[in-house]
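The values are calculated or read from the model by the stated rules, or taken from the named source; none is laboratory data. Not measured: the values here are computed from a predicted model. Here the Cβ is made from the backbone with ideal geometry for all residues, glycine too, and neighbour counts use every protein chain on show. The area values use the complete protein model at the heavy-atom level, side chains included, leaving out ligands, DNA and RNA. Shrake-Rupley method; radii C 1.70, N 1.55, O 1.52, S 1.80 Å.
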Amino acid sequence: FLLAAIPFAMTIKILLVVFGWLDDRDLIQSLQRNNGELEIFGISIYGVLFSVATVFYHTDFIGIYALLCLCVGDGFAALMGAKWNKHKLLSPFNTHKTWIGLFSFIISAWLSVCFFLA
């Protein structure tokens, strides 16, 4: 259970810095994209999922599958969405998300789990 303390603490630190309750200019710079936007939602999800998977599923493969889906799917969604970014999703969270990115996430996450199970 103590293994989850480090990613959870880093997630809390990121949230504190982004909301302005803690000053860390280097962290803010590392979280900024080229256009100046902060990528807080995705980073927070990674930290929370890693912590939850470590605490509750440290003896089961479901935690590994969740992290695998998130890491592989997010990577492919970013690559494909950046390459073919014509059809935008109507997302209230991020207006830069695309349908091709969504489908790339789903397909690559599913294939990565199938490959891992084989």
TODO: May I ask you to list pairs of residues, at least six apart or on different chains, whose Cβ atoms are under 6 Å apart, with the first in the stretch 5-26 being farther than 17 Å from residue 53 by Cβ and assigned to a loop (DSSP other than H, G, I, E, B) and the second being among the β-branched types (Val, Ile, Thr) and open to solvent by less than 50 Å² (accessible area, probe 1.4 Å)?
DONE: 24/17
- [ ] Would you kindly identify the helices (runs of 4 or more DSSP H) lying entirely within the stretch 35-118 that contain at least 2 residues that are exposed (fewer than 14 other Cβ atoms within 10 Å of the Cβ), of a type outside the set (Val, Ile, Thr) and without any contact (Cβ under 8 Å) to a residue 24 or more places away in the chain?
- [x] 62-83, 99-117
